[in-house]
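Structure first, then comments.
Values quoted throughout were computed directly from the atomic coordinates according to the rules given, and no laboratory measurement underlies them. Nothing here was measured: the structure is a model prediction, and the numbers come from that model. Virtual Cβ from ideal backbone geometry, glycine too; neighbours counted across all protein chains shown.
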Amino acid sequence: MGKLMVLTLLGAGLALIGERVWMLRQKLNAFREVEPVDPHNCHLIEGIENGSEDIDILPSGLAFISSGLKYPGMPCFAPDEPGQIFMMDLNEQNPRVQALTISDGFDKASFNPHGISTFIDKDHTVYLYVVNHPHMESTVEIFKFEEQQHSLVHLKTIEHELLKSVNDIVVLGPEQFYATRDHYFTNFLSLLEMIMDLHWTYVLFYSPKEVKIVAKGFNFANGITISPDKKYVYVADVMDKNIHVMQIHGNWDLTQLKVIQLDTLVDNLAVDPDTGDIWAGCHPNAMKLFLYNHDDPPGSEVLRIQNVLSEKPSISTEYANNGSVLQGSTVASMYKRTLLIGTIYHRALRCVL
Ligand SMILES: *[C@@H]1O[C@H](CO)[C@@H](O)[C@H](O)[C@H]1NC(C)=O
Ligand SMILES: *[C@@H]1O[C@H](CO)[C@@H](O)[C@H](O)[C@H]1NC(C)=O
């Protein structure tokens, strides 16, 4: 009897795991192939080969690109190279990237940049905030940008017990930002979190005076950005394949207005400052991202969401590729007619639309 009981329980346990693994494959879109969408005027950016995970463009057309992310569970083809921040002036006829030098006194060898966000103060000084994972920890680094010297001067490292497993940030003011937390554990356990569908990651508000959780219940909170009028934030839940539209309140709390459901794993979000449209870098099939295969690499997909606040936002695919050109797109950022598309561990693409 006892043995039968154990066998029954074991069987039920295995069935549950089997069902969860099946669900995980569904969640990762393991069965999806992309239909190509090519705007025809796209070129790979020379000098970027080891990722371009996040891109932020200043109103002047200067783009910052974070490169060389080492992320648990994700392939990395340059494991021994420290991460870098590249700069590119999109006003140039044939823009070229340039790696920014980082001031001394900052541990460059363990630099592992992830989400980035820029901030311009009253004196027009430009600051770059970078989510960093030195030794797989999470910090937010604040740099001052010196345009003439093409350099970043490190000002401050922010650490906090709530700033764990940070994915992306959006700066609101001096030393003030929202950040997304993407998981609780690392490696294998974070896979378990995805399988178990725990929905326990969150959005955090940080300021020197107050640090608090302002939104929770995400399966895997990823990209975050703010609307041009600064009234709303948009949060991507990559595992739930959706974008949460949230209203900002006076005390920086967030309330959810709606969720835009998609059929692709949404990574970073950017807003076109001219139109207010959301541009989303997405993973059409995230299974191919984790289980990398040279002969069948992960593809790329860029979605544009217009009329975000209306009852029926319109969603269009602006770029899609099966990985033959661009693998594992994470971000799509617009400046005038120029679209920059970044990736986790592959190259970067510039399109003129
Ligand atoms: C990318 O990484 C590889 C392997 O470490 C290295 O040989 C190559 O120079 C890197 N490319 C760039 C553009 O940093
Ligand atoms: C990807 O698409 C290209 C043409 O667009 C095609 O030649 C290639 O075979 C495709 N690769 C895979 C793995 O499907």
Between 0 and 90 degrees, rounded to the nearest ten: what's the tilt of helix 2-27 against the longest Cα principal axis of the chain? 30
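Between residue 310 and residue 77, take the C-beta separation as r, use R0 = 45 Å, and let me know the FRET efficiency to the nearest 0.05.
According to the calculation, E is roughly 0.60.
Which ordering of 351, 282 is given by a fewest-first count of other beta-carbon atoms within 10 Å? Spell out each step's value before the answer.
On the way: 351 20, 282 31.
In increasing order of surrounding Cβ atoms, one gets 351, 282.
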Selection of GluC sites (Glu not before Pro), the stretch 52-137, meeting DSSP coil and at most 11 other Cβ within 10 Å: 92
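Provide the gained length on full extension for the span residue 247 to residue 123, in nm with one decimal, where the gain is 0.36 nm per separating residue minus the Cα-Cα distance.
Working: separation 124, 0.36 × 124 = 44.64 nm, distance 2.87 nm.
Extra length from residue 247 to residue 123 when fully extended: 41.8 nm.
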Over the alpha-carbon set of the chain, work out the extent along each principal axis and list the three values in angstrom, largest first. 79, 49, 48
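Per 0.36 nm of contour for each residue apart, how much would the distance between residue 275 and residue 196 grow if the chain were fully extended, relative to their Cα-Cα spacing? Before the final figure, lay out the partial values.
Values: separation 79, 0.36 × 79 = 28.44 nm, distance 3.84 nm.
Answer, rounded to one decimal: 24.6 nm.
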Which value in nm describes the separation of the simple spin-label points at residue 231 and residue 3, placed 7 Å from the Cα toward the beta carbon? 7.0
Can you give me the angle between helix 187-196 and the longest principal axis of the chain, using Cα atoms only, in degrees from 0 to 90, rounded to the nearest 10? 60
Given the Cα atoms of the stretch 58-153, and with Rh set as the inverse mean 1/r over their pairs in the Kirkwood sense, what is Rg to Rh to two decimals? 0.97
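Test of understanding: ordering 315, 224 by Cβ neighbours within 10 Å, fewest first, what list do you get?
Working: 315 17, 224 25.
With the fewest neighbours first, 315, 224 line up as 315, 224.
At 25 °C and 0.890 mPa s, grab the translational diffusion coefficient of the stretch 270-350 from Stokes-Einstein with a Kirkwood Rh over Cα pairs, rounded to a whole number in µm² per second.
Values: Rh = 13.0 Å.
For the chosen part, D equals 188 µm²/s.
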Under a plain spin-label model, where a point goes 7 Å from the Cα along Cα-to-Cβ, how far apart in nm are residue 108 and residue 259? 4.5
In which sequence would 168, 89 go, from the one with the fewest C-beta neighbours within 10 Å to the one with the most? 89, 168
Explain nothing, just the number: dipole magnitude of the chain about its Cα centre with +1 on each Lys and Arg Cβ and -1 on each Asp and Glu Cβ, in debye rounded to the nearest 20. 800
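Report the equivalent ellipsoid semi-axes for the stretch 214-341 in whole Å, largest first, defined as the square roots of five times the eigenvalues of the gyration tensor built from alpha carbon atoms. Don't jump to the answer; show the numbers that get you there.
Numbers: eigenvalues 135, 57, 25 Å².
Sorted largest first and rounded, they come to 26, 17, 11 Å.
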Simple label model, 7 Å out from Cα along Cβ direction - residue 209 to residue 101, nm: 3.9
